[in-house]
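Q: My questions will all concern the structure given below.
The values are calculated or read from the model by the stated rules, or taken from the named source; none is laboratory data. Note that this is a predicted model, so its numbers are computed, not measured. FYI the Cβ positions are ideal-geometry reconstructions off the backbone, even for glycines, and counts take in every protein chain you see. In case anyone asks, the SASA skips ligands and DNA or RNA and just uses the protein heavy atoms, side chains included. Shrake-Rupley method; radii C 1.70, N 1.55, O 1.52, S 1.80 Å.
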Amino acid sequence: MPGSEFTSGSGRGLFATKLVENYLESKRAEPIADEPAKLGVIHSWVRAISALKSTELGSEQKFNQDIRGRVLGYVPYPPTPDSFSSLWHKPPSSVTGIRKTPDGILGVFATGIESQILAVIELKKPGTNLDAPQPSHENKSPVAQAFEYGSTIIGVRWVIVTDMREVRLYAIDSDSEYEAFALERCVDKGGQATEELRRLHFILHHDHLVRGALQSSTARLHSKSATRQLE
């Protein structure tokens, strides 16, 4: 079991707490591009989410557009000519190589090149217990469902599970250690950015989680934490 250094209110042991603090401090002078607009998107999403009455699919599409796209910088598939996408919603078996269909994948997807899949995503309706078995899904929890996909898709490094209020980031080698991000804590009552927004951005944004693949800044943070835990 990870010690207290690896357990905090923001997760259960994926990253060493002190390393995250040092990492965010090293980014202190680095601005978040279009921060006011992103704050507005998150604030609107948090206010509206309790009123969502649409199907899970409809909610997923809105979440992908607003949070994954406008806030976290992922470009949906299909890509424009001479470009690439980094988020594929409901990818086909021809891409994942598995029979079942995950809610989404993150990576590099472009015409004429082999897809590079780095993360698998499981999205659930707001308020879903991410750890509870679901009778409609072979009595597997959302976390177990996500790891079933991730463990059978070649190249997956990360597993992301969310009820669109909380976002959890797991490494593929452990389903018991994760970093959690609460969207409602990204904006304070005065509409200003909080430290939670900085954690969200500098760990989950495309430029930090996916860009660079195994050498991304988030991957390096995890590698350092794993070394610290072994020590």
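Q: Read through the list (1) under 22 Å from Ile32 (Cα atoms); (2) out of contact with any Lys or Arg (no Cβ under 9 Å at 6 or more places or on another chain); (3) open to solvent by 30 Å² or more (accessible area, probe 1.4 Å), then give the number of the only condition that Val210 fails.
A: For Val210, the exception is condition (3).
Q: Oh, and also: So Met164 passes all but one of these: (1) over 23 Å from Thr17 (Cβ atoms); (2) at pLDDT 95 or above; (3) in contact with a strand residue (DSSP E or B) (Cβ under 7 Å, 6 or more places away or on another chain). Which condition number does it fail?
A: (2)
Q: Right, another one. Starting from the range 209-231, take each residue that is more than 25 Å from Gly73 (Cα to Cα) and list its partners that are among the aromatic types (Phe, Trp, Tyr) and assigned to a helix (DSSP H, G or I), counting only C-beta distances under 7 angstrom and pairs at least six apart or across chains.
A: Pairs that qualify, where the first residue is more than 25 Å from Gly73 (Cα to Cα) and the partner is among the aromatic types (Phe, Trp, Tyr) and assigned to a helix (DSSP H, G or I), are Gln229/Phe6.
Q: A further question on this structure: Mind counting the residues in the range 88-112 that are open to solvent by 70 Å² or more (accessible area, probe 1.4 Å) and not in a helix (DSSP H, G or I)?
A: 4
Q: Mind listing whichever residues of the range 115-158 are touching a helix residue (DSSP H, G or I) at 6+ places or on another chain (Cβ under 7 Å), open to solvent by 80 Å² or more (accessible area, probe 1.4 Å) and free of Cβ contacts under 8 Å to residues at least 40 places away in the same chain?
A: Hit for the range 115-158 is Asp131, nothing else.
Q: Another one. Inspect all residues belonging to the range 70-87 and state whether any of them is within 19 Å of Ile172 (Cβ to Cβ) and open to solvent by 60 Å² or more (accessible area, probe 1.4 Å).
A: no
Q: Could I ask something else about it? What number of residues in the range 176-192 are more than 14 Å from the chain's Cα centre (by Cα), surrounded by fewer than 18 Cβ atoms within 10 Å (Cβ to Cβ) and not in a helix (DSSP H, G or I)?
A: Residues meeting the conditions: 6.
Q: Answer yes or no: is there a residue in the range 131-146 that is closer than 30 Å to Ala37 by Cα and β-branched (Val, Ile, Thr).
A: No, the range 131-146 contains no residue that is closer than 30 Å to Ala37 by Cα and β-branched (Val, Ile, Thr).
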